[in-house]
Amino acid sequence: MAVATDREYGLFIGGEVTEPASGEVRELIEPATGEPLARAAMAGEADVDRAVEAARDALAGDWGKTSGTERSRLLHALADAIAANRAELAELEARNVGKAISSVKAEHHQAVENFRFYGSATASIGGRSNPIGGSLLFYSLKEPVGVVGQIVPWNYPLMMTTWKLAPALAAGCAVVLKPDAQTPLTAIRMAELAAEVGFPAGAVNVVPGDGPTTGAYLVRHPGVDKVAFTGSTRTGGEIMRLASDPVKRVTLELGGKSPSLVFADADLASAIPSSAWSIFYAAGQSCEARSRVLVEKPLYDEVVSKLGEHAGAIRVGDPLDPETQMGSLISLAHRERVHGFVERGAGEGAEVVAGGAVPDGAGAFYPPTVVAAPSNALEIVQEEVFGPVVAVTPFEDEAEAVKLANDVRYGLMATVWTGDPARGHRLAARIKSGTVGINMPYTAFPGIPFGGYKQSGFGRELGLETLDLYLETKSVIVSTGSRPINPFGL
Ligand code: NAD
């Protein structure tokens, strides 16, 4: 393999790879080894200006004239190109993020399916018409919102890029996408592939850079009509503020502190290992990671101890080894942050049952960690750790389970494990989160809307609904009456 280290990655603006105006090129460090991985150009304000101008030109030119059927063809062609470049994209992603390649391959598959879904969904874009009274005909036009600034985090750069690009392009918007400065590689490669399959110049632009400077400049840019952001709740609030002058449309996919709820009547052979998978997949660096496990009291000790055993059995190591189940964290700095949560949790009365110690050796590895947390009030239960750390808390009955599930500021995902189908549906209605799984830990599928309640944001990804977030509805009203229209009787 080894595809990443032998090249330098530029910005992607106006249909081509280009150098940054500032000349800034950064060395990226491979999180799992601590060694240099590749060199990547960083965009500054002048580059964002160029990218927004290229996007506006695309909308005024070829891309703006592209029909829905042609956009569909291009999205399917891009899906094919992403599929054909699987080995390269998967390795780039695994090495850039430190994530197990077994996980990345599943994400790559979903990325392909997502482009196919929106390639087909272009057929659903259309207005409606309606005669009103005897002398008015109304019809609506669906038009792209315009130029969209999209900002994505480092945890799933490939998948987040596809979640953002596919619906925006299906709707006919032009995109300026800013990946995280640490993880720009797969987004740049996908922009190159988009150009190769025939997307007109300027339809897709990628400008990696730092958030508070380059990202904030993109959000404030008067040439950007809408901002679609995925990242932390704290930054999401800042994005809303920045997008208020000049006013623009905003959608936010933010953080989470999602629970698995395990009832005594559940099939424990699925519930416990799935609850382990739901946090340790991607080393817990997932917005929808079920970082809390709520357990009915009689089962509590058994579930805590089995989760501890499972945590110890997970194969942690080289992201490129196909047997690896969990790679490293994104960086040493992030590992320190994660470990800080565990240390403070222990100080507040939580018991570390498995993991919880920083290992020796190179790379930003952290062990799968299980913490028995007796109270919902602890920081480790309330705050998003964004690492492989799960807090396990007991509940008395169904009413308390719902109360604890909802007693956090987030609301992205919940998984209910129960043998009682009626209880599953009852809880689905009462838990305040964008997605509820009943005896099912998996989360994101093209075609199923995904997004947050409460501080987890607003807007939905992956669904048909998402298209509407990239479209304006224009109402056209026509007089069909025969009498003159002269309201003042002049
Ligand atoms: P972050 O908010 O620090 O950064 C996310 C992106 O925003 C990065 O590209 C960053 O450069 C940029 N950014 C930072 N400050 C900015 C500013 N002032 N203006 C404009 N852009 C700015 O988040 P992170 O730590 O990189 O990512 C992890 C977070 O993302 C977690 O909270 C996670 O739950 C969330 N997330 C949510 C979803 C979802 O769909 N709900 C999916 C993945 C990740």
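Derivation of every value follows stated rules applied to the coordinates shown; laboratory data play no part. Every value quoted in this text rests on a predicted model; they were computed, and no experiment measured them. When we count neighbours, we look across all protein chains shown, and the Cβ atoms used for this are built from the backbone with ideal geometry, even at glycine.
At a glance:
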| item | result |
| --- | --- |
| Whole-angstrom gap from segment 141-175 to segment 187-254, using each part's C-alpha centre | 8 |
| Unit charges on C-beta of K, R, D, E only; dipole of segment 1-136, Debye | 780 |
| Per-peptide average of other Cβ atoms within 10 Å, ordering 87-98, 441-452, 478-489 highest first | 87-98, 441-452, 478-489 |
| Segment 240-248 - phi-based ³J(HN,Hα) in whole Hz, Karplus 6.51/-1.76/1.60, Gly and Pro as x | 4, 5, 5, 7, 8, 8, x, 4, 9 |
| Projected label distance in nm at D397 and R337, using a 7 Å step from Cα toward the beta-carbon | 4.1 |
| Packing rank of 130-139, 238-247, 314-323, 54-63, where each peptide gets the mean count of other beta carbons within 10 Å, highest leading | 54-63, 314-323, 238-247, 130-139 |
| Loop sites in segment 384-488: GluC sites (Glu not before Pro), DSSP, at most 15 other Cβ within 10 Å | E396 |
| Descending principal axes extents, segment 1-136, alpha-carbon based, whole Å | 73, 38, 23 |
| Nearest 10 degrees, 0 to 90: helix 421-430 Cα axis against the chain principal axis | 60 |
| Taking the C-alpha atoms of the chain, convex hull volume expressed per residue in Å³ | 168 |
| ³J(HN,Hα), Karplus 6.51/-1.76/1.60, whole Hz, each residue of segment 160-169, x for Gly, Pro | 5, 5, 6, 4, 7, 5, 4, x, 5, 6 |
| DSSP bridge orientation in segment 331-457 - percent antiparallel, rounded to nearest 5 | 40 |
| Proximal charge balance of L137 [Cβ under 15 Å; K/R count +1, D/E count -1] | +2 |
| Normalised per residue, the volume of the convex hull around the Cα set of segment 169-233 (Å³) | 100 |
| Options A55, G361, G481, ranked by Cα towards positive dipole end of the chain, top entry (Cβ charges) | G481 |
| Rounded tilt (10° steps) of 185-197 against the dominant C-alpha axis of the chain | 30 |
| Nearest-ten-degree value, helix 68-84 long axis tilted from longest Cα axis of the chain | 30 |
| Dipole magnitude of segment 443-490 about its Cα centre (Cβ charges: Lys, Arg +1; Asp, Glu -1), debye to nearest 20 | 200 |
| Lys/Arg +1, Asp/Glu -1 at C-beta; the chain dipole; positive extreme among P322, A100, S72 | S72 |
| DSSP bridge orientation in segment 133-272 - percent antiparallel, rounded to nearest 5 | 5 |
| Dipole moment magnitude, nearest 20 debye, segment 301-411 about Cα centre, only Lys, Arg, Asp, Glu C-beta charged | 360 |
| Long-range amide H partners of R290 with built H, under 5 Å | I279 |
| Structure-based [θ]222 nm, the chain - -39500 (n - 2.57) summed over DSSP H runs of at least 4, per residue, nearest 500 | -11500 deg cm²/dmol |
